[in-house]
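Q: Below: one structure in structure tokens.
Taken together, the values in this text are just the output of simple stated rules run on the coordinates, not laboratory data. For clarity, every value in this text was computed on a predicted model and none was experimentally measured. We place every Cβ from the backbone using ideal geometry, glycine too, and count neighbours over all the protein chains shown.
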Amino acid sequence: MATVDNPEDPSVRDADEVARALGADIENGLASTEASRRLLADGPNELRSAPRQPAWRRFLAHFHDPLVYLLLAAVVIALVSWVVEGMVGWPLDALVIATIVLLNGILGYVQEAKAGDAVAALARMTAATSAVIRNGMLLRLPSADLVRGDLLVLGEGDSVGADARLLQAVSLRVQEASLTGESGAVLKNSATLGESAPLGDRINMVFKGTAVAQGTGRAVVTATGMSTEMGSIAEMLEATADEPTPLEKEIGRIGRVLGIAVVIIAVVVVGTILLMSDIRSAADVIHVLLLGVSLAVAAVPEGLPAILSVVLALGVQRMAKHNAIVKKLSSAETLGSASVIASDKTGTLTRAEMTIVQVLTASGATQVTGVGYAPEGQVEQDGTALPAGPLRDENIVVLSGGSLAGDAELRQKASGEWEIHGDPTEAAFLVAERKLGATERREQRFERIGEIPFTSERKMMSTIEIDHEHGDEVVVITKGAPDVLLERCNRVRVGIDLVELDDAQRARILADVDSLSDAALRTLAVAYRPLAAGEDTQATESLERDLVFVGTVGIIDPPREEAAVAIREARGAGIRVIMITGDHPRTAARIAADLGIVEAGAAALTGSELDALDDAGFAEAVRTTSVYARVSPAHKLRIVDALQADGNIVAMTGDGVNDAPALKSADIGIAMGVTGTEVTKEAAKMILVDDNFATIVEAVREGRGIFDNIRKFLRYLLSGNMGEVLTVFLGVVGAGVIGLTGAETGARGAVVLPLLATQILWINLVTDSWPALAMGVDPASDDVMARKPRQLSERVIDARMWAGVIQIGLVVALVTLLTIDIYLPGGLIEGTHDLATARTAGFTVLVLAHLFNAFNARSETTSAFAHMFTNPWLWGAVALSVLLQVAVVNLEFLNLAFGTVPLAFNQWLLCAAMASVVVWYSELRKMVSRAWSRREDA
């Protein structure tokens, strides 16, 4: 076999020349041995996928987080302090923090693995196969085994396994929407092109990943694997870097801020103690170091990464119930922050089901209701079903004639669903005919005896039928482009009569066609001619003359009804929806107007018009234009980048491989689960199982609820931790004021802490875990979809929240230290109890204040007493935390571990009363805030 050359552009070279260059035999195909050699040399006909990371790397990736680094640093400090102290007992602080970090990593790994399994299950399909001729025999092989020079045999319903140059084509139509975005099937032929053309116009080529809608053909494979057009898009995808989600960026920023804060707090407090205290021994230095550890533990919300993972995982599970599979946990919140949804048209906003919506005949216009391939609806005029009469007779001939002059089939599956086999446009006639109730009669009446196939030059197709109802009369029935068909007509049907076709009638028919085209409808006309007795019935073009014009139909790929509702809700939520498609500009603008994306009359911006703009003009166009047509994958990617550069959080939907680079570049790429290609699903961060645009809006609602809940538990965690830090800091600095001098221990002047490190760790474990988790499942507020999207400049923790955190933390610290003062001798209030009792009371107040604050933290403005019982999980978490605190105060073995002593009933009441101050302060603060807001609104 000759050396194989790869033709640079096979579409502009003669088919035989291409075959010779590839060493192909256009009669017998390749020999099996040669095919095996080429497969070994070129590799399988598959797209290159990124090597899967080992499980251990995916697991360790969950520890790549600033907060985790901070916690690991706290573990190291705790271990060093334990070693310096002589390694007495167990390093409880270090072990507990390390356990929390480990559990967080396991949780995140398991949840993302679950999402990955769901995606894999979605993608698990029967391996594609292709019909090829090898060794002179027709074989069906896995498409992965195709090589350059293979002879492909194409038929209706086949998936094209590789890029190939057509050798012959008979009525061959190929659905290329997944590659070019063009919704209609493209008619193919084997004629050599005069010059290189855009991908969608290479009508003598077929491409990997597309599907044969009609007809047959033979082609020689010119490219496989990554060398195909689909492969070139996959390479573009590899070059597109993954961007961290806005939530990941924000949590990373919070981690850095907290890290800096911890270092500053620890240095200030430890330095202050060293200056103010009477340091007499190494033991005193150890106490100071332990204080630094306790402050680090107090300042850092150890449970934040774990709680964040759990809240996101729960949100992901809820999204999955709504048919949205999120592959990456942090992407769940990102969708809630989306300010722009950039959507593909075909199959996403539309049903990808060609539908006849209007019929124009001599007696007037009719409308066809219902959409899709299910024959549900009727043919009507002015809202009522067509009665018997001329108009109905004409409609029967148009729809039945269009059904006869085609090769599509309409079938009802056992499940009751309807499906088509063949060209979607031809199937549209079959569906409309059923709606009119004329199918059965047509099937019994006519018998096909010949066919004149459609070609791009003739722009029409004819069948020769025997009409058994009219004495076995032979009839030519033709369907095609209205202007071309009209030239072959000399009569027009009016009711059941035939009338001469004069100039006025021709002008009216052409005006009808223009009106349909202006409405962005595809147009097809139907005509017929009974053959004279004895006339030659041979299927030749000479029969397509002296036809009787019947009427014209308007066809559209209808928008999804639920998509229009979803778009209205998205716009109400302040989200801009834009359409990006490879389809015709007028069709795109019509669909966008029908869906409510733009106002009627708005024009679409085409890819060629975008190319003519400079960078500034392009940016301005993206700000103002919401419909884009005839765009390439590079245009889609550039549009997404421009939207992001303008400060938008972009969600990009798509199903075709041409959408993949833009999906990967978007803040959250959304792939279609049913019609989406595997390349698209791999690039996306979220997959719609049902291909329903409305699912996106439900996911947006869920994402916004997730963000609200993240703010709630962050407000709760940080204000609680601030309370712990200020309690320790103010307790050491103001020890003399509250009587915390160590006199009762006989160590006046020594370092005496208001709380022990183990008590601080207990507070974090009891109050930072279950209540915060319960806030993560708080029901979404009623106005969640009435707010504008979160701006990129808007922080998860803004200045207002920080002010609230500091204020609540200060109140918690003051009531805790005041409680200690109440029980200690000396200080502001004379007490009579020992340090252990005072410390236990302060410890309890701090825990209870945290739990009271759980109800405050659910909103910055709404009273804690509003909607108190909408979250039973929160009540359960608070009850569990109270029981654990009772246990640590009253059980002897826990007294030893945490330095506590039992409290009397009246002491518990005092602690609860002191802790409740945080509620009353917060209520007062919210009341002032609401009054101020009303004043500003006025």
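Q: With every atom except the alpha carbons ignored, what do you get for Rg and Dmax of segment 355-556, in angstroms?
A: Radius of gyration, then largest Cα-Cα span, for segment 355-556: 15.9, 51 Å.
Q: So, R0 is 25 Å and r is the distance between the beta-carbons of Ala634 and Leu193; what FRET efficiency does that work out to, to 0.05?
A: My answer for the efficiency is 0.70.
Q: Given (1) 51, 36, 30; (2) 45, 37, 29; (3) 73, 31, 21, which label gives semi-axes √(5λ) of the Cα gyration tensor in Å as computed from the coordinates?
A: Checking each listed value against the structure points to (3).
Q: Can you compute the charge dipole magnitude of the chain about its Cα centre, using +1 on each Lys and Arg Cβ and -1 on each Asp and Glu Cβ, nothing else charged? Give it in debye, rounded to the nearest 20.
A: Details: 80 positive and 114 negative charges, 699 e Å.
Once rounded to the nearest 20, the dipole reads 3360 debye.
Q: Additional query: If you take all C-alpha pairs in segment 625-669, what percent of them are over 17 Å apart? Show your work: numbers first, answer last.
A: On the way: 219 of 990 pairs.
Counting every Cα pair in segment 625-669, those more than 17 Å apart make up 22 percent.
Q: Using DSSP to define loop residues, name the chymotrypsin sites (Phe, Trp or Tyr not before Pro) in segment 838-938 whose beta-carbon has at most 15 other beta-carbon atoms within 10 Å.
A: Phe865, Phe869
Q: Suppose R0 equals 51 Å; then what is the FRET efficiency for Ala385 and Ala780 from their Cβ-Cβ distance, rounded to the nearest 0.05? Walk me through the numbers on the way to the answer.
A: Values: r = 45 Å, r/R0 = 0.88.
That pair, Ala385 with Ala780, gives E of 0.70.
Q: Assuming R0 = 22 Å, what is the FRET efficiency of Ala866 and Gln317, from their Cβ-Cβ distance, to the nearest 0.05? Working shown, then result.
A: Working: r = 28 Å, r/R0 = 1.26.
About 0.20, to the nearest 0.05.
Q: Compute the angle between helix 32-42 and the longest alpha-carbon principal axis of the chain, please, reported from 0 to 90 degrees and rounded to the nearest 10.
A: Result, in degrees: 40.
Q: Among Lys208/Lys327; Lys479/Lys681; Lys413/Lys459, which pairs are too far apart, with a Cα-Cα distance over 30 Å?
A: Listed pairs above 30 Å: Lys479/Lys681; Lys413/Lys459.
Q: Right, another one. Could you tell me which trypsin sites (Lys or Arg not before Pro) in segment 626-669 are loop residues by DSSP with no more than 16 other beta carbons within 10 angstrom of their beta carbon? All intermediate terms of the calculation are to be shown ahead of the outcome.
A: Values: sites: Arg630, Lys636, Arg638, Lys664; in loops: Arg630.
Passing sites in segment 626-669 do not exist.
Q: In percent, what relative contact order does the chain have, based on Cα pairs under 8 Å that are 6 or more apart in sequence?
A: Answer for the chain is 12 percent.
Q: Same structure again: Which order do the peptides 336-349, 198-211 come out in when sorted by mean C-beta neighbours inside 10 angstrom, highest first? Present the calculation step by step, with values, prior to reporting the outcome.
A: Numbers: 336-349: 26.1, 198-211: 20.9.
Highest to lowest by the protection proxy: 336-349, 198-211.
Q: Percent antiparallel among DSSP beta bridges with both residues in the chain, to the nearest 5?
A: Once the DSSP bridges in the chain are tallied, antiparallel ones form about 80 percent.
Q: Tally Lys and Arg at +1 and Asp and Glu at -1 over the other residues with C-beta under 13 Å from the C-beta of Ser36: what net charge comes out?
A: Charge balance in the 13 Å sphere: -1.
Q: Under a Cβ-Cβ cut-off of 9 Å, what is the net charge of the residues other than Asp659 that fall near it, where Lys and Arg count +1 and Asp and Glu count -1?
A: Working: positive: Lys636; negative: Asp344, Asp655.
Combined, the nearby Lys, Arg, Asp and Glu give -1.
Q: Could you tell me which GluC sites (Glu not before Pro) in segment 370-458 are loop residues by DSSP with no more than 14 other beta carbons within 10 angstrom of their beta carbon?
A: Passing both the DSSP loop test and the Cβ count: Glu376, Glu417, Glu457.
Q: Hey, rough spin-label estimate for Val499 and Glu469, points 7 angstrom out along Cα→Cβ, what's it come to in nanometres?
A: About 2.2 nm, to one decimal.
Q: Hey, another quick one. Return the subset of Lys188/Lys685; Lys188/Lys345; Lys345/Lys664 for which the Cα-Cα distance in this structure is over 30 Å, preserving the input order.
A: Lys188/Lys685
Q: What 222 nm value per residue comes from the helices of the chain, counting each DSSP H run with n ≥ 4 as -39,500 (n - 2.57) and dividing by all residues, nearest 500 deg cm²/dmol?
A: Theoretical 222 nm ellipticity from helices: -15500 deg cm²/dmol.
Q: Could you list the residues of segment 520-562 with an amide nitrogen less than 19 Å from a label point located 7 Å from the Cα of Thr455 in the Cα-to-C-beta direction?
A: From segment 520-562, the list is 538-546.
Q: Could you work out the relative contact order of segment 355-556? I mean the mean sequence separation of Cα pairs under 8 Å and 6+ apart, divided by the number of residues, in percent.
A: In percent, rounded to a whole number, it is 24.
Q: Report, for segment 355-556, the % of DSSP beta bridges that are antiparallel, rounded to 5.
A: Given both bridge residues lie in segment 355-556, the antiparallel proportion sits at roughly 95 percent.
Q: Any aspartates and glutamates with Cα under 17 Å of the Lys321 Cα? List them, leaving off those in the same chain fewer than 8 positions away.
A: Here the aspartates and glutamates satisfying the reach criterion relative to Lys321 are Glu112, Asp117, Glu333, Asp690, Asp691, Glu698, Glu702.
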